[in-house]
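One structure below.
The values are calculated or read from the model by the stated rules, or taken from the named source; none is laboratory data. Just so it is clear, the model here is predicted, and its values are computed rather than measured. No Cβ is skipped: glycine too gets one built from the backbone with ideal geometry, and neighbour counts run over all protein chains shown. Just so you know, the surface numbers come from the protein's heavy atoms only, side chains and all, with ligands and any DNA or RNA stripped out. Shrake-Rupley method; radii C 1.70, N 1.55, O 1.52, S 1.80 Å.
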Amino acid sequence: MHVAHLSLADFRSYVRVEVALDPGVTSFVGPNGQGKTNLVEAVGYLATLGSHRVSSDAPLVRMGAERAVIRAAVAGGDRRQLVELELNPGRANRARINRSSQVRPRDVLGITRTVMFAPEDLALVKGDPGERRRFLDELITARSPRMAGVRSDYDRVLKQRNTLLKSAAMARRHGGRGADLSTLDVWDQHLARAGAELLAQRLDLTAALQPLADKAYEQLAPGGGPLVLEYRGSAGERLAEAGHREELYGVLLAALSEARKQEIERGVTLVGPHRDDLVLKLGRFPAKGYASHGESWSYALALRLASYDLLRTESPAGEPVLVLDDVFAELDTRRRDRLAELVAPAEQVLVTAAVSEDVPGALAGARYAVAGGTVERESP
């Protein structure tokens, strides 16, 4: 699978831009602040319905514009699809597939799949648990687009349950009778049901990633491992004994019941996938706090390489698009060359760099100069 054409309107710094893309390697080269990352950010948005740089859509719309449009022609085998997303901050986004009538934005998930390497990836190792939960959930959705609905259901139920708990906590603090908690059992069941589905997928993904990530780390930093992924759930050690969704559902229900008194006092849900973490270990020690800067980079890159290998081997839709956003400037020569060798055989690789020298020779291919709001293809 590859993106054959990218069209943007009022996205980030671009009033309008059209970029034809080929399989193989394409590099976008230009000074910082000229819009290189905006291009690959748009491709990533089509795949995940989110940005790797910001948490909301508002910064993605060009200053002074009401909306932004991302449109891409995606080719896979002998099939070609046109995907369009209209970003409307403060209102519902809109989507079209093959210029047909409007569909839900999440219906486009799975048409474009990406694995993105970016400077922000260092937060996977050094950042808070939310970074690692997001990594897992985006990869889960790439494997199974229907999980976008499960994640949305979980977030909706969690919000409603937190609202109820917050009302109860505030009433207690002010000496009132307290909020009506008669519906809390129902919310517990809804949260545990969606949470069990999400947990099952995360646990399965962690197990699938483990050998691939360990192999990738060995390729990047020979002799530096082993690399260990450990899913740590807020429901406790009982998660490890749960073999399927119904058992996970029971474990979550029991954990919610045990935590109820504390949750009512604090006014927040303390148990569930939203409180879990993926603990990353290098040998016997957690990578966070123990790994050096170079080891942390290798760890983050190994997670992305493992993600690529997993999606490539599992899906009949073909390989995901590999995006390397200003990564090589962050790496030493050895890691730079090794990463380039590992990703060069991919069906499509999109690279951004400030200067041509930052693009390794193994990734020679089409090149675009990006400056002043223009994207121009350079002659071979």
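Among helices (runs of 4 or more DSSP H) entirely within the stretch 110-182, having at least 1 residues that are farther than 22 Å from Glu295 by Cβ singles out 129-143, 147-173. Within the stretch 359-380, is even one residue surrounded by fewer than 16 Cβ atoms within 10 Å (Cβ to Cβ), closer than 28 Å to Glu138 by Cα and either of a type in the set (S, T, N, Q) or modelled with pLDDT of 95 or more (or both)? No, the stretch 359-380 contains no residue that is surrounded by fewer than 16 Cβ atoms within 10 Å (Cβ to Cβ), closer than 28 Å to Glu138 by Cα and either of a type in the set (S, T, N, Q) or modelled with pLDDT of 95 or more (or both). With respect to the conditions (1) modelled with pLDDT of 95 or more; (2) among the hydrophobic types (A, V, I, L, M, F, W, C); (3) surrounded by fewer than 18 Cβ atoms within 10 Å (Cβ to Cβ), Val43 falls short on a single one, namely (3). Applying the set (1) at pLDDT 95 or above; (2) buried (at least 21 other Cβ atoms within 10 Å of the Cβ) to Arg113 leaves exactly one unmet item: (1). Filtering the stretch 182-193 for residues that are modelled with pLDDT of 90 or more, under 31 Å from the mean Cα position of the chain (by Cα) and closer than 28 Å to Asp309 by Cβ leaves an empty set. Scanning the stretch 52-61 for residues that are crowded, with 18+ Cβ neighbours inside 10 Å and part of a loop (DSSP other than H, G, I, E, B) turns up His52, Asp57.
Regarding the stretch 220-228, can at least one residue be identified that is in a strand (DSSP E or B) and under 17 Å from Ser296 (Cβ atoms)? Yes: the stretch 220-228 contains one or more residues that are in a strand (DSSP E or B) and under 17 Å from Ser296 (Cβ atoms). Here is the figure for the stretch 267-286: residues that are out of contact with any Leu (no Cβ under 8 Å at 6 or more places or on another chain), of a type outside the set (A, V, I, L, M) and either within 24 Å of Ala171 (Cβ to Cβ) or in a helix (DSSP H, G or I) (or both) total 1.
The residue of the stretch 133-154 that is least open to solvent (accessible area, probe 1.4 Å), among those that are among the acidic types (Asp, Glu) and in contact (Cβ under 8 Å) with a residue 60 or more places away in the chain, is Asp137.
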